[in-house]
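Only one structure is covered here, and it is reproduced in the block below.
The values are calculated or read from the model by the stated rules, or taken from the named source; none is laboratory data. Predicted model only: the values in this text are computed from it and were never measured. Cβ placement follows ideal geometry from the backbone for every residue including glycine, while neighbour counts extend to all protein chains displayed. To get the accessible areas, we keep the full protein, side chains included, count just its heavy atoms, and leave off ligands, DNA and RNA. Shrake-Rupley method; radii C 1.70, N 1.55, O 1.52, S 1.80 Å.
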Amino acid sequence: MAMAVFFFSACKKENALIEQPETVKEDPLEYAKDSISYSIDGITYSLSKYYSFYRVSNMQPHSKVDSIVKNGYYISGLKDSVLYSRTYGIYDDQNRVDVIFIKTYAKASMVQALILRPKDVMDLFTVGMKNYALDYGRDNIQNGIALNISGGFKTYGSESFRIPPQLSPDAQKNSKFEISSLKKLNSGTYILEAKFNAMLFNEKNESKKLENGYLRLIMDETQFIL
């Protein structure tokens, strides 16, 4: 009887030493979709999509016209640097918004993929306030954010050197774009959230005010090879 009690007690102690596996609660954001919402002229728009990243690009930073020959424009700029941008397009059956993240990098700090990209792509998405790049696609001097809304309205000016710059330097004086949160889930997926407002302009320099903007992007690490 004593031996039986001894072995029973020993088994209890041994079992107590076996750690039970910790249950990791799945984050509901793992199933979230890219989404954007905003108001223009008192109408609220809400767009969402499972996957919105669709374009990266390299451009000539600090572009300027060197010469014009037979309507051909010869452009030069900083030879040791590249303007890198990533575009996320979110849309439904009627509307589309392109959100463009923009920054110039020294070529020496970049790696060659399909195009040149920064070694750490997440550098584009640091939490905090971002400028609106008014000269995106033209002079390419400014870093920050650009928005392009269906209907021909965008936060930046003309991309053509054939016409004078469209916007004044204070065109977005009362606008803001703030990345309020960047969270990494257990799966390695990043969830970005941003709040914003902006002035939008078309080719005729007509303007609209965008208010109460909210953006959520689901960014998989496999995207960052580009």
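When a 1.4 Å probe is rolled over the protein heavy atoms, the share of accessible surface on the chain that falls to carbon and sulfur comes to 53 percent.
Taking 23 Å as the limit for the C-alpha separation, the pairs K33/K103; K130/K184; K130/K209; K64/K195; K176/K208; K33/K209 exceed it in the case of K33/K103; K64/K195; K33/K209.
Structure remark: mean-square fluctuation, Gaussian network model of the chain, C-alpha springs under 10 Å; the largest value among S150, S37, S181 belongs to S150. Note on the chain: with a GNM built from Cα contacts shorter than 10 Å, the maximum mean-square fluctuation among L29, L116, L210 falls on L29. Note on segment 30-224: with charges restricted to the Cβ of Lys and Arg (+1) and Asp and Glu (-1), its dipole about the Cα centre is near 300 debye.
Applying the Karplus relation 6.51 cos²θ - 1.76 cosθ + 1.60 with θ = phi - 60° to segment 40-46 yields 3J(HN,Hα) values of 9, 6, x, 9, 9, 10, 10 Hz, where x marks Gly and Pro.
Please say if segment 127-174 is rounded, prolate or oblate, where rounded means a/c under 1.5 for a ≥ b ≥ c the square roots of the C-alpha gyration tensor eigenvalues, and otherwise the choice is prolate for a/b larger than b/c and oblate otherwise? Since a/c reaches 1.5 and a/b is larger than b/c, the shape of segment 127-174 is classed as prolate. In this simple spin-label approximation, E178 and E211 carry label points 7 Å from Cα along the Cα→Cβ vector, and these lie 1.8 nm apart. Solvent exposure of the chain, expressed per residue, is 60 Å² of accessible area, with all protein chains present and a 1.4 angstrom probe. The helix-only estimate of mean residue ellipticity at 222 nm for the chain, built from DSSP H runs of length n ≥ 4 each weighted as -39500 (n - 2.57), is -2500 deg cm²/dmol after division by the residue total.
Restricting the trypsin sites (Lys or Arg not before Pro) of segment 109-140 to loop positions (DSSP other than H, G, I, E, B) with no more than 10 neighbouring Cβ atoms within 10 Å leaves K119. Subtracting the Cα-Cα distance of M122 and N186 from 0.36 nm times their residue separation leaves 21.3 nm of extension gain. Building the convex hull from the alpha-carbon atoms of segment 86-193 and averaging its projection over directions returns 9.2 nm². Shown in residue order for segment 127-134 are the 3J(HN,Hα) couplings computed by the Karplus curve 6.51 cos²θ - 1.76 cosθ + 1.60 at θ = phi - 60°: 5, x, 6, 10, 7, 8, 7, 6 Hz (x for Gly and Pro). Shown here: P(r) over Cα pairs in 10 Å bins from 0, in percent, derived from the displayed model; of the candidates [x] 7, 27, 29, 16, 6, 4, 4, 3, 2, 1, 0; [y] 8, 32, 37, 16, 5, 2, 0, 0; [z] 7, 23, 23, 19, 13, 9, 5, 1, it corresponds to [x].
If exposed GluC sites (Glu not before Pro) are those in a DSSP loop with at most 11 other Cβ within 10 Å, what is the longest stretch of the chain that has none? The longest uninterrupted stretch comes out as 27-205.
Roughly how tilted is helix 2-17, in degrees to the nearest 10 and between 0 and 90, from the longest Cα axis of the chain? It is inclined by approximately 10 degrees.
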